[in-house]
Amino acid sequence: MVIKYFSWIKEHIGESEELIDIPSDITNVDQLINYLNEKDSKYNLLFEKKELIKIAVNKTYSSFDTKVSNSDEIAFFPPVTGG
Amino acid sequence: MIKNSPVIKVKIQNEDFDVSEETRFLQQDNTGAIVNFVGIVRGYDEKNNRTIHSMKLEHYPGMTESEIEKIIFESYKRWQLTGITVIHRVGNLKPSDKIVFVGVSSKHRQNAFDGCNFIMDWLKTKAPFWKVEENNNKRNWVSFNESDNQALKKWKK
């Protein structure tokens, strides 16, 4: 699985993307967030108020119950500020 | 599929753009109105009371373009536009630089006004771009403005 980060989240995590293998019992975004939170404390601040973070799965806006697998590209980013 | 296909252009680029050139692109045989919006980098942040020396924009390649295309398709369906262009700059920008161009053409003016306004409102809330302002070595990621969410309400069917 590729996980991408943007804006201040990228700076907080310290890299723009990570390649990770998730266990087969992780099947949706919410479970992925719990898995990352337990894996490393660097994710804790990011997901402390997870409802404020935008999620994309395969470049489409998604939610906590969206299905994920190791072949997906996930992105976490703050609300957008273009224009 | 889109009937009577409009001309469509979506560009994410570092370079500046030429408004006259983009206006000519939007003019088709059946065009009676063209509305252009140009966003400019401000040199002062009124909310936080500070000068902005420069700004950097980043985006999510692939997703940004596909979100803009969705917005464009919806605007075409609602207002039967004859031309639609969205150009958004990324990278380093300075105050007074042009940052975004949204131009639409249609047979009559009201559709062009509404279509342009609609695209801009959706772009502000959906297209993955992020701005960081730089001032004397301090960096500040611009935070989302709730008024941009409020602006969307007027487009509810």
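A few points about this structure:
- Close pairs (7 angstrom Cβ cut-off, 6 or more residues apart or separate chains): crowded, with 21+ Cβ neighbours inside 10 Å in the range B:44-70, in a strand (DSSP E or B) and basic (Lys, Arg) anywhere: B:Met55/B:Lys131; B:Leu57/B:Arg89; B:Leu57/B:Lys131
- Yes/no for B:Ser147 being among the hydroxyl-bearing types (Ser, Thr, Tyr), farther than 30 Å from B:Arg24 by Cβ and free of Cβ contacts under 8 Å to residues at least 60 places away in the same chain: yes
- Which listed residue is within 11 Å of chain A (Cβ to nearest Cβ) and in contact with a strand residue (DSSP E or B) (Cβ under 6 Å, 6 or more places away or on another chain), from B:Ile84, B:Ile119: B:Ile119
- Flag if B:Ile71 is closer than 23 Å to B:Asp16 by Cα, at pLDDT 95 or above, out of contact with any strand residue (DSSP E or B) (no Cβ under 6 Å at 6 or more places or on another chain) and within 14 Å of chain A (Cβ to nearest Cβ): yes
- If you filter the range A:1-19 down to residues that are outside any strand (DSSP E or B) and touching a residue at least 60 places away in the same chain (Cβ under 8 Å), you find that the one that is farthest from the other protein chains (Cβ to nearest Cβ) is A:Met1.
- Among the residues of the range A:36-83, those identified as surrounded by 18 or more Cβ atoms within 10 Å (Cβ to Cβ), in a strand (DSSP E or B) and touching a residue at least 60 places away in the same chain (Cβ under 8 Å) are A:Ile74, A:Ala75, A:Phe76, A:Phe77.
- Scope the range A:43-72; condition farther than 17 Å from A:Ile20 by Cβ and under 11 Å from the mean Cα position of the chain (by Cα); matching residues: A:Lys50, A:Ile53, A:Lys54, A:Ser62, A:Ser63, A:Phe64
- Applying the criterion of being in contact (Cβ under 8 Å) with a residue 40 or more places away in the chain and assigned to a helix (DSSP H, G or I) to the residues of the range B:4-39, the residue that is nearest to B:Lys98 (Cα to Cα) is B:Val19.
- The criterion of at least 3 residues that are of a type in the set (D, E, K, R) is met, among strands (runs of 3 or more DSSP E) falling completely within the range B:42-157, by B:129-135.
- B:Asn92 being more than 10 Å from chain A (Cβ to nearest Cβ), touching a residue at least 24 places away in the same chain (Cβ under 8 Å) and under 24 Å from A:Phe76 (Cα atoms): yes
- Residue count, the range B:125-147 (criterion: at pLDDT below 90 and touching a helix residue (DSSP H, G or I) at 6+ places or on another chain (Cβ under 6 Å)): 0
- Flag if B:Asn136 is in contact with a His (Cβ under 9 Å, 6 or more places away or on another chain), on the phi > 0 side of the Ramachandran plot and away from chain A (no Cβ under 13 Å): yes
- One residue stands out in the range B:29-63 among those that are within 30 Å of B:Lys157 (Cβ to Cβ) and touching a Gly at 6+ places or on another chain (Cβ under 8 Å): the one that is nearest to the other protein chains (Cβ to nearest Cβ), namely B:Gly39.
- Verdict on B:Ala112 being out of contact with any strand residue (DSSP E or B) (no Cβ under 6 Å at 6 or more places or on another chain) and surrounded by 13 or more Cβ atoms within 10 Å (Cβ to Cβ): no
- In the set (1) within 14 Å of chain B (Cβ to nearest Cβ); (2) closer than 27 Å to B:Glu65 by Cα, A:Lys49 fails one condition alone, (2).
The values are calculated or read from the model by the stated rules, or taken from the named source; none is laboratory data. On a predicted model such as this, the values are computed, not experimentally measured, just so you know. Please note: Cβ atoms are built from the backbone with ideal geometry, for glycine as well, and neighbour counts cover all protein chains shown.
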